[in-house]
Amino acid sequence: MRKKNSAYKILFSLFVFLTALFLLSCTQSLPEIRYSNMTVIFDYRDNDSLPDSRLSVFVESISDVRRYESINIVNNQNGFTWDVSQLIRVRSAEKMYAGNTNLKVPAGEMIPTGEYKIVYANADLEEVVSKGKLEYDSVFYETKASDIPDLMTQKKGLRYITIYDKSDKMIYYGERNAQLSDNRKIWNRYSNASYFHEIWILPDKSVICRMPKQMVVPS
């Protein structure tokens, strides 16, 4: 009888251990999000045309972003919906981000403001829900590239630059300072540079303006 009791105790302990291990592994696979960020990006082809627009949505993730499979984004006011399986995953220092930078609306429509529901699903189809809120000035839809520097300066916007090589690989992103103020200085610092975009960003990051492509042609 004692031998049976001992055997039962061993089996029960093993069952508890395996159950705890299973629950722990399930808990670790659940997606966890710290916060979400929403930005409207205005792309300019040239100085005289009005911009194209797209929505960028990213979350900072606590769990491993490599396990994220898809994202569903819904505007709570008008029901605009995006189902995205092409995710951009970024690891920066100890932080991880996942999202998409190319969410479009039908031609003639503006990206809606207001509250958004953001649902991320991982490889096990387990979901985590986040909320986002987007507020921005629609004046950018009617502003040409040539007028953006004045408008952004009024709004205390910040000026950056992205520099690319001939294979379209980004080789620099950062503040456009005195050392990168013209083509010659850009080429002196990055001899493999092919072209660049000037970037204007509002302090609250609600709007990013990507200015027309400029070739790096040292004079």
*Which entries of LYS95/LYS117; LYS185/LYS213; LYS169/LYS213; LYS104/LYS166; LYS104/LYS205 show an alpha-carbon separation above 20 angstrom in the structure shown?*
LYS95/LYS117; LYS104/LYS166
*What FRET efficiency would be calculated for the residue pair SER138, VAL84, taking the C-beta separation as r and a Förster radius of 25 Å, to the nearest 0.05?*
0.55
*Accessible area, 1.4 Å probe, largest first: how do TRP187, TRP82 sort?*
TRP187, TRP82
*In nm, spacing of pseudo-spin labels at ARG66 and GLU175 (7 Å Cα→C-beta vector)*: 3.5 nm
_Going by average Cβ density within 10 Å per residue, which order do the peptides 100-107, 138-145 take, highest to lowest?_
138-145, 100-107
*What is the percent of Cα-Cα separations in region 120-187 that go past 17 Å?*
67 percent
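The values are calculated or read from the model by the stated rules, or taken from the named source; none is laboratory data. Model, not experiment: these values are computed from the prediction. Here Cβ is always computed from backbone atoms with ideal geometry, including for glycine, and neighbour counts include all displayed protein chains. Quick note on the areas: whole protein, heavy atoms, side chains included, nothing else; ligands and nucleic acids left out. Shrake-Rupley method; radii C 1.70, N 1.55, O 1.52, S 1.80 Å.
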